[in-house]
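Everything below concerns the one structure shown next.
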Amino acid sequence: MALRYVATGMGHSGTGYVSRLLQSAGVRCGHGSVFSADGVLYGTDLDADSSFAAAAYLRRSICKKAVVIHVVRNPVDVVKSYLRSGWDIHNETWVRKTLAVKDQYGDMPYDALGWVCNAWVRWNLLIESHGADHVFMVEDGPANLKKLGLKQVVYWDNRTHNKHPSSDLAIKHESVRRRCREAKHYSEIDWLDLPLEMRNAARRYGYTWT
């Protein structure tokens, strides 16, 4: 089994959106159907998968012939999305292990804002280290994917796709819920709240701030 397309980016960056765009172009694409924190599922009839977790498996044979799409989103929006809805603690722990993140604060260190900023920078660097074939900025919309020769990509309202339930319903684990409560309210986050390392990394993808 070999995939035609693999799309991956930091969690909350729009891999679900890209999955739907690829589906609209006739590509049998899953969203976390092949790649997850639990491993790689072989033997599916899919042509593609769009998943944050795929970044950890890009050297596997299943990705050898695939066009790798690096999904990026304005980091301010990624941070707001994370603080609004949290992350499954299983995924977060797996990301830490994948990035070999160790620090002075223990197993589950950073405050919520520090965690997502740190992970955003390092997860994107992980993808860059594997040499993605195409960078997809979600703000560019369907026209960006047409550069890959996908002529039938249709418009999909990303604003609808990115709607979240209330934080009380979305955050399933108390440790994540507590950390998000302690963070600056997500609606107030702006560029200058992000660490300089994150802002500088964002420039590489074409994001700027004033």
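Values quoted throughout were computed directly from the atomic coordinates according to the rules given, and no laboratory measurement underlies them. Predicted, not measured: the structure shown is a model, and the values here were computed from it. Glycine gets a Cβ as well: all are built from the backbone with ideal geometry, and neighbour counts include every protein chain shown.
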query = Using modelled amide H (1.01 Å from N, peptide plane; none on Pro or chain starts), what sits under 5 Å from the amide H of V68, excluding residues fewer than 5 places away?
reply = V6, D133, H134
ask   = Looking at segment 1-104, which trypsin sites (Lys or Arg not before Pro) are in a loop (DSSP not H, G, I, E or B) and have at most 12 other Cβ atoms within 10 Å?
value = R59, K64, K65, K102
ask   = So how much slack lies between K146 and E128, counting 0.36 nm per residue of separation and subtracting their Cα-Cα distance, in nm?
value = 4.3 nm
request  = State the extension gain, in nm to one decimal, for the chain segment bounded by Y205 and N91, taking 0.36 nm per residue of separation less the distance between their alpha-carbons.
outcome  = 38.5 nm
ask   = What's the lysine pair count for segment 1-121 at a Cα cut-off below 30 Å, pairs eight or more apart or interchain?
value = 4
remark   = Sorted by chain and number, the residues with a modelled amide H under 5 Å from that of H31, at a separation of 5 or more or across chains, are S50
